[in-house]
1. For residues in the stretch 269-328 being among the acidic types (Asp, Glu) and touching a residue at least 60 places away in the same chain (Cβ under 8 Å), which is surrounded by the most Cβ atoms within 10 Å (Cβ to Cβ)?
2. Would it be correct to say that residue 17 is among the β-branched types (Val, Ile, Thr) and free of Cβ contacts under 8 Å to residues at least 60 places away in the same chain?
3. Take the residues in the stretch 1-39 that are of a type outside the set (Phe, Trp, Tyr) and over 19 Å from residue 116 (Cβ atoms); name whichever of them is surrounded by the most Cβ atoms within 10 Å (Cβ to Cβ).
4. Looking at the stretch 173-186, which of its residues are within 9 Å of the ligand (Cβ to nearest atom) and small (Gly, Ala, Ser)?
5. Among the residues that make up the stretch 96-104, is at least one of them hydroxyl-bearing (Ser, Thr, Tyr) and either at pLDDT below 95 or under 16 Å from residue 4 (Cα atoms) (or both)?
6. Taking the residues in the stretch 138-169 that are of a type outside the set (Asp, Glu) and without any contact (Cβ under 8 Å) to a residue 12 or more places away in the chain as candidates, determine which candidate is farthest from the ligand (Cβ to nearest atom).
7. What pairs can you find where one residue is in the stretch 103-122 and within 18 Å of residue 60 (Cβ to Cβ), the other is of a type in the set (Ser, Thr, Tyr), and their Cβ atoms are less than 6 Å apart, with a gap of 6+ or different chains?
Amino acid sequence: MNILVTGGGGYLGSVLIPKLLIRGHHVRVVDIGYFGLGHLRTLNPRVEMIRADLRRVAAEPELREKVLDGIDCVIHLAAISNDPSAELHPNMTEEVNFQATVQMAEAAKERGIRFLFSSSCSVYGDADGDLTEEGVINPLTVYAVSKVRSEQSLTAMADSKWRPVILRNGTLFGYSPRMRFDLVVNIFSLYSTLHNEVRIFGDGMQWRPFLSVQDCARAFLFFAEKKETQHLCYNIAHENLRVVDVAAIFQTLNPSLKVTHVALDDPDRRDYKVSTARMKDAGFEPRIGVAAGAESIAEAIVCGQINDPESIFYRNAKWLKELTLAGTGDHGKLIDLMESFGSVQRAIGTTV
Ligand SMILES: NC(=O)c1ccc[n+]([C@@H]2O[C@H](COP(=O)([O-])OP(=O)(O)OC[C@H]3O[C@@H](n4cnc5c(N)ncnc54)[C@H](O)[C@@H]3O)[C@@H](O)[C@H]2O)c1
């Protein structure tokens, strides 16, 4: 298949694309490049890369045509992709996460192209019990609202000829060539490995469904290749754990680890665990639990696979804030510079 991956340069896309290539798919990426794209340029066979703002792609017919030309399936990952970064510029979040999603889906539907959307279990917000796809949603943040609105529009667009697939992914963890250290398991890996201490904000009793980035990529591959799906929406997760349970896993990995609690005036209200019965009925089974994932990230850090892991580059909200300040809105020039810098590094064989 010819597969378009929007946001393919990000944390999830960078793990997904090699898997698509290995399966013999041709991959085109459209990504604005907030976190660099150099790591995709070294892939062999190479991916076709279009560096562009999805808002432009979605709005400009010529560019949209170029991006969708010959495509059989869109895997739509591009987004302002967590709560704090979505709060930075709520209008931008609305444009990227909701408007561009709907416009791209409409363009895909017109052309009969399959469309897979990366949603999030955070749509459940704060609710009791094992939450199913048919149950109540309770989005508590700008980010979660943007995912819910997109899901609702995609669901309304579905008909007998065109059925989008919505994957409500759990909180991801694990190593990616484009690493993120603003996800709880990854943050704990970093602090456990480098500082022997992890901090839990609040009591840590809130539940989260967890999913390795490898399994999430496998889920997209699975649903891209599955031509018929019984449902439009699937929860995708490996296990539900409380944040204190995650800390306990790290204490098994590193027995000298100190776990401290930091009191918060405005504690995290998100607290949800999900049912994965529908995902399993469809035939998908994640393989990697938090314990195995935690160890592999810690190894990547210790082995120096992640340069300067405490850099804000690995934290979406902090990095996007710096980009905005430094670029006064013109991210393109800065991203050009970052890309050139990456090429120079590769050419002279050094890393930051
Ligand atoms: N990481 C998680 O825990 C998690 C959990 C559930 C769902 N998701 C969803 O999965 C998707 C991928 O997440 P991720 O962790 O890889 O995020 P990420 O931030 O690492 O990647 C997102 C990519 O989208 C690109 N992008 C952002 N705005 C763009 C625009 N206007 N035009 C073109 N490209 C743009 C960025 O440059 C980046 O490469 C997102 O939709 C996210 O909401 C992630």
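The values are calculated or read from the model by the stated rules, or taken from the named source; none is laboratory data. No experiment lies behind these values; they were computed from the predicted model shown. So basically every Cβ, Gly included, is an ideal-geometry build from the backbone, and we count neighbours across all protein chains shown.
1. Applying the filter and picking the extreme gives 271.
2. yes
3. Within the stretch 1-39, the match that is surrounded by the most Cβ atoms within 10 Å (Cβ to Cβ) is 37.
4. 176
5. Yes, the conditions are met somewhere in the stretch 96-104.
6. If we take residues in the stretch 138-169 being of a type outside the set (Asp, Glu) and without any contact (Cβ under 8 Å) to a residue 12 or more places away in the chain, then 160 is farthest from the ligand (Cβ to nearest atom).
7. none
To keep it simple, each residue is scored yes or no on (1) surrounded by fewer than 24 Cβ atoms within 10 Å (Cβ to Cβ); (2) on the phi > 0 side of the Ramachandran plot; (3) in contact (Cβ under 8 Å) with a residue 60 or more places away in the chain; (4) away from the ligand (no atom under 16 Å from the Cβ).
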site	(1), (2), (3), (4)
171	yes, no, no, no
188	no, no, yes, no
198	yes, no, yes, yes
206	yes, no, yes, no
210	no, no, yes, no
218	yes, no, yes, no
